[in-house]
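The values are calculated or read from the model by the stated rules, or taken from the named source; none is laboratory data. Since this is a predicted model, take the numbers as computed values, not measurements. Counting neighbours? That spans all protein chains shown, and the Cβs are built from the backbone with ideal geometry, glycine included.
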Amino acid sequence: MGDITIEQMSVNLTNYFARAGIQVELLRCYFSPQAGNFEFKIISAVSLSAFNRVIKEMRVFAGYNYEPLEGGTFRLSRNCDRQFISCGDCAHAIKKAIAEDKDGEQAARQKGYISFGKGNFDFIVTNMDEAAHLLIAGSTGSGKSCLLNSLIMELLCFSTASLILIDPKQGAEFGLYEQDIHKRIYKVAKDNSEALEWLSIAVDEMERRYGEMQAKGLKKYDGNRIVVVIDELADLMMTSKNEVEEYIVRIAQKGRAAGIHLIVATQDPRASVVTGLIKYNLPTKVCLTTANARHSMNVIDCGKGAELLGKGDSYIKLPNSTTLFRCQCANISDREILNCITGKYDK
Ligand SMILES: Nc1ncnc2c1ncn2[C@@H]1O[C@H](COP(=O)(O)OP(=O)(O)O)[C@@H](O)[C@H]1O
Ligand SMILES: [Mg+2]
């Protein structure tokens with residue numbers, strides 16, 4: 001934000017309110033990856049119309065966004081030079097989470113820790129056991145591929161999970177992963193018939209695991225997880241809607257205990273692609289910039305996804321939570337991916 005510090009800016013804002021006869025107290029100011037943020041408390045009686053006038057001036061003349069918070073407090077935020085996040089930054093956050101997992105390192109690696117990127121204050125870290133199944137939506141250029149690749153790399157580097165990658169665009173997205181020398185990627189399915197075949201293999205494996213769990217008297221499968229990553233759900237739904245929906249819903253409903261998980265992405269989260277059943281059964285949502293408010297609504301139940309800034313700017317909704325977390329997702333290059341899966345390049 002230029003040469004002026006965030007503290008100076010907050011003094012300027014406080015003075016601006018004071019000149020309009022409104023006494024506010026600064027609670028805190030901080031940079032999030034996308035914006036400078038200022039949280040204030042109103043400490044004098046003010047008329048609503050006077051307050052609204054000042055807020056409007058700040059929006060129109062200085063680009064400040066206003067957001068009411070609890071108990072007479074509010075936040076002003078203004079876009080700043082974006083802080084881009086690399087997959088390496090996420091790696092640090094994941095390593096820390098694994099080290100702090102009270103079940104020990106081996107169990108933590110089996111849980112499949114992932115990080116989407118950086119939230120307002122810290123990295124957003126979860127694991128496949130908690131997040132279970134993910135829905136990722138965002139229009140072209142929103143950063144879907146970068147996020148999918150980051151998640152795949154995180155799973156390859158920090159978990160014991162194996163992956164099935166479904167890429168209906170003839171391998172345009174995941175073709176790279178066929179060079180994996182570690183044999184952790186079972187298959188890169190490159191067309192609709194391979195996609196259906198491998199979804200059905202995943203469902204069969206899930207049933208087999210249930211059989212094994214029953215025989216051993218286990219409630220939860222104790223082997224390695226399998227994560228099925230689908231790059232473009234719309235392509236699959238166009239040709240084989242009923243079959244695809246059935247596979248996805250079956251895995252989503254029963255997969256968690258058997259260690260079978262889904263990461264499903266689409267650039268086209270229309271209601272005919274992300275059906276009610278699919279939306280309901282994929283409890284973790286990542287909404288990148290959407291083409292319109294309706295698409296955003298169909299993913300995170302509000303239109304805010306359409307106002308995001310692209311390139312990894314996102315809202316995250318975790319299971320059993322109604323809170324949306326603003327997040328700057330991680331970026332990763334093809335070179336970094338090849339580096340890891342082939343071990344050929346620089347370490
Ligand atoms: N998290 C990110 N950080 C920085 N730049 C990003 C990020 N995600 C995407 N980008 C930029 O945006 C471009 C498009 O991203 P991509 O992941 O290919 O979008 P999509 O798959 O949604 O069309 C990338 O080439 C990259 O330059
Ligand atoms: Mg893409």
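Tallying residues that are of a type in the set (Asp, Glu) and in contact (Cβ under 8 Å) with a residue 40 or more places away in the chain within region 86-110 yields 1.
Just wondering, is there one or more residues in region 192-211 that are buried (at least 17 other Cβ atoms within 10 Å of the Cβ), away from ligand 1 (no atom under 13 Å from the Cβ), within 30 Å of Gly310 (Cβ to Cβ) and hydrophobic (A, V, I, L, M, F, W, C)? Scanning region 192-211 turns up at least one residue that is buried (at least 17 other Cβ atoms within 10 Å of the Cβ), away from ligand 1 (no atom under 13 Å from the Cβ), within 30 Å of Gly310 (Cβ to Cβ) and hydrophobic (A, V, I, L, M, F, W, C). Looking only at residues of region 118-162 that are among the hydroxyl-bearing types (Ser, Thr, Tyr), more than 13 Å from ligand 2 (Cβ to nearest atom) and surrounded by fewer than 23 Cβ atoms within 10 Å (Cβ to Cβ), we find that the one that is nearest to the chain's Cα centre (by Cα) is Thr126. From the list Ile114, Ile136, the one residue that fits, being assigned by TED's automatic domain parsing to the domain that holds Ala265, within 16 Å of ligand 1 (Cβ to nearest atom) and free of Cβ contacts under 8 Å to residues at least 60 places away in the same chain, is Ile114. Does Glu39 count as farther than 22 Å from Arg326 by Cα and outside any loop (DSSP other than H, G, I, E, B)? Judged against the criteria, Glu39 is not a match. Within the set Met213, Met206, the sole residue that is in contact with a Phe, Trp or Tyr (Cβ under 7 Å, 6 or more places away or on another chain), at pLDDT 95 or above and in a helix (DSSP H, G or I) turns out to be Met213. When Ala234 is tested against the conditions (1) under 26 Å from Cys146 (Cβ atoms); (2) part of a loop (DSSP other than H, G, I, E, B), the lone failure is (2).
Would you point out the residue of region 1-49, among those that are under 30 Å from Ala330 (Cα atoms) and aliphatic (A, V, I, L, M), that is surrounded by the fewest Cβ atoms within 10 Å (Cβ to Cβ)? If we take residues in region 1-49 being under 30 Å from Ala330 (Cα atoms) and aliphatic (A, V, I, L, M), then Ile4 is surrounded by the fewest Cβ atoms within 10 Å (Cβ to Cβ). Checked against (1) at pLDDT 95 or above; (2) in contact with a helix residue (DSSP H, G or I) (Cβ under 9 Å, 6 or more places away or on another chain), Leu338 passes all but a single condition, namely (1).
Every listed requirement among (1) among the hydrophobic types (A, V, I, L, M, F, W, C); (2) in contact with a strand residue (DSSP E or B) (Cβ under 6 Å, 6 or more places away or on another chain); (3) within 12 Å of Val203 (Cα to Cα) is met by Val264 save one, (3).
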